[in-house]
Amino acid sequence: MSADSLPAGLPAGTTVAGLLELAERVAREAGVLIETERPALLGVAMTKSSPTDVVTEMDQASEALLRARLAAARPDDGLHGEEQGRRPGSSGLTWVVDPIDGTVNYLYGLPAYAVSVAAVVGDSSVAGGWRPVAGCVHNPASGETWTAGAGLGAYLDGERLQAGPPPVLAQALIATGFGYFSGRRAAQSRVLATLLPRVRDIRRVGCAAMDVCMVATGRVDGYYERGLHAWDLAAAMLVATEAGVAVRGIDGVPAQEHMVVAARPPLVDALVEQLEALGAGADDD
């Protein structure tokens, strides 16, 4: 696909390349904000689903910046962010943003967090009801920036990501994450305890967007997590799929809150099979 191609669902006169340029530009600007304007004594501004699900004032400031820049550049598009929810647009295109993915890492000064910006077509509030067409995942702590456009490939700092053959499950390094509710964490720990002896090892980074991008980069072989939302997944999902990584759900449910599994085939099939057999998508909270 050329940079001027028009995938189904994009507004007339819109190009993937133009959307990608905007996504990267605003993600980098938000990254500068959260690095340079971070208070010396950063605290928790509020909590959401549980006392451990935190929001800082910089999450709020970053999302406000992203919304302002995107609305100014494309006023007819919808906006869907983690902190301020979804505002439908009239163009058929929605910007799905996570102002700081990995907020707990950011709060503690651990350099694994990202600004995630994606343009999607479809209904971003429905699992399986949307499709990303351009996206950027930017880690301002390291400067690393993953970008992807539908049909244009996936890149890390300008270098194209190429899919390689995955190992078998027993030799696979698998990343995962955990939810905020104690019941869900207990269920996830039971799944992990059984899965761990069946893989090479487990990694827990604490930033879902970076986890998926690491699969695309080859830093881990696979990833799974329950409880993700569109803002966690949209940009990274496109990076992964454009790099040849499969992003799937389990139990016949589309990839999103029920479960997200990312790996190159055929490892993805083996990982999905294990998670389904372990009941990883069962109700737990």
Here the percent of antiparallel bridges among DSSP beta bridges lying wholly in region 169-277, to the nearest 5, is 55
Which of (i) -0.30, -0.59, -0.97; (ii) -0.43, -0.71, -0.96; (iii) -0.64, -0.83, -1.07 is the computed log10 I(q)/I(0) by the Debye sum over Cα atoms at q = 0.08, 0.11, 0.14 Å⁻¹? It is (i)
Projected onto the charge dipole of the chain (unit charges on the beta-carbon of Lys, Arg, Asp and Glu, signs +1, +1, -1, -1), the Cα from GLY153, ALA282, PRO11 with the largest positive-side position is that of ALA282
Distance in Å, no decimals, from the C-alpha centre of region 117-178 to the one of region 202-255 is 7
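If exposed means no more than 15 neighbouring beta carbons inside 10 Å and the site is in a DSSP loop, what's the longest run of the chain without any exposed GluC sites (Glu not before Pro)?
Between exposed loop sites, the widest span is 145-285.
Give me the net charge for the shell around ARG203: Cβ to Cβ below 14 angstrom, other residues only, Lys and Arg +1, Asp and Glu -1. Don't skip to the end; give the middle numbers.
Numbers: positive: ARG200, ARG204, ARG219; negative: ASP201, ASP211, ASP221, GLU225.
Local charge sum for ARG203: -1.
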In nm, the gap between the two label points placed 7 Å beyond Cα toward Cβ at GLU21 and ARG198 is 4.8
For region 143-226, shape from the Cα gyration tensor axes a ≥ b ≥ c, cut at a/c of 1.5 then a/b versus b/c, turns out oblate
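P(r) tail for region 16-160, what percent of Cα pairs lie past 22 Å? Can you show the working numbers first?
On the way: 3886 of 10440 pairs.
For region 16-160, the share of Cα pairs beyond 22 Å comes to 37 percent.
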If R0 = 22 Å, then ARG190 and GLU273, at their Cβ-Cβ distance, give a FRET efficiency to the nearest 0.05 of 0.80
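Going by how many other Cβ atoms sit within 10 Å of their own, how do TYR108, TYR224 line up, fewest first? Write out the running numbers ahead of the final one.
On the way: TYR108 10, TYR224 26.
In order of increasing Cβ crowding within 10 Å: TYR108, TYR224.
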Taking a crude spin-label model, label points 7 Å out from Cα along the C-beta direction, the VAL168 to LEU42 distance in nm is 4.4
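Any read-out appearing in this document is the output of simple, stated calculations on the displayed coordinates, not a laboratory observation. All values reported here derive from a predicted model rather than from experimental measurement. Cβ: placed from backbone, ideal geometry, glycine included. Neighbour counts: every protein chain shown.
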